[in-house]
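Down below is the structure, laid out as structure tokens.
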Amino acid sequence: MRRATLSVTTAADGSATAYSPRISGKLHSAVYVPDGANAYPNTVDMTITAEATGEALVSRTNVAAGFTAYPRAATQAADGTASLFASGGTAVQDKIGLGNDRIKIVLAQGGNAKTGKFIFLID
């Protein structure tokens, strides 16, 4: 496993956009760690996507505490029908693949000059 860590500081208007280094592999987890002294306020909205494809990885609004997410995406057959565990059952999900792509973090309503850390584990 590899780890990509980003520290993201907001602008005066509470926004921020940051990018990871280029990554190839499957996203195992995404962790948000609030700064101990200068954390984003409870109104911060986070949208984390794959830069090249725009595929959603994590989306949270009004984040009040750190979190760990294990993003997964629905799978399907070659004809586009959903893969299910049993007929009419629960959708099969798998880790999201990144191919020489960057993870894009967009923050809104994050306060002036506030800081947080994002840690991504890649298989």
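When we screen Lys95, Lys114 for residues that are surrounded by 15 or more Cβ atoms within 10 Å (Cβ to Cβ) and touching a His at 6+ places or on another chain (Cβ under 8 Å), the only hit is Lys95. For the stretch 58-92, the set of residues classified as surrounded by 13 or more Cβ atoms within 10 Å (Cβ to Cβ), farther than 26 Å from Thr115 by Cα and hydrophobic (A, V, I, L, M, F, W, C) consists of Ala73, Leu84, Ala91, Val92, listed by residue number.
Scanning the stretch 42-57 for residues that are in contact with a strand residue (DSSP E or B) (Cβ under 8 Å, 6 or more places away or on another chain) and within 19 Å of Lys114 (Cβ to Cβ) yields Val44, Asp45, Met46, Thr47, Ile48.
Screening the stretch 1-22 for residues that are hydroxyl-bearing (Ser, Thr, Tyr) and not in a strand (DSSP E or B) and picking the one that is surrounded by the most Cβ atoms within 10 Å (Cβ to Cβ) gives Thr10. Candidates are the residues of the stretch 36-64 that are touching a residue at least 40 places away in the same chain (Cβ under 8 Å) and of a type in the set (Ser, Thr, Tyr); the one that is nearest to Gly110 (Cα to Cα) is Tyr40. Per the conditions (1) farther than 16 Å from Thr68 by Cα; (2) under 15 Å from the mean Cα position of the chain (by Cα); (3) not hydrophobic (A, V, I, L, M, F, W, C), the sole criterion not satisfied by Thr9 is (2).
Once the stretch 1-35 is narrowed to residues that are over 14 Å from Ile105 (Cβ atoms) and of a type in the set (A, V, I, L, M, F, W, C), the residue that is modelled with the lowest pLDDT is Met1.
The values are calculated or read from the model by the stated rules, or taken from the named source; none is laboratory data. Computed from a predicted model, the values in this text were never measured in an experiment. With ideal geometry, Cβ positions are generated from the backbone for all residues, glycine too; neighbour counts draw on all protein chains shown.
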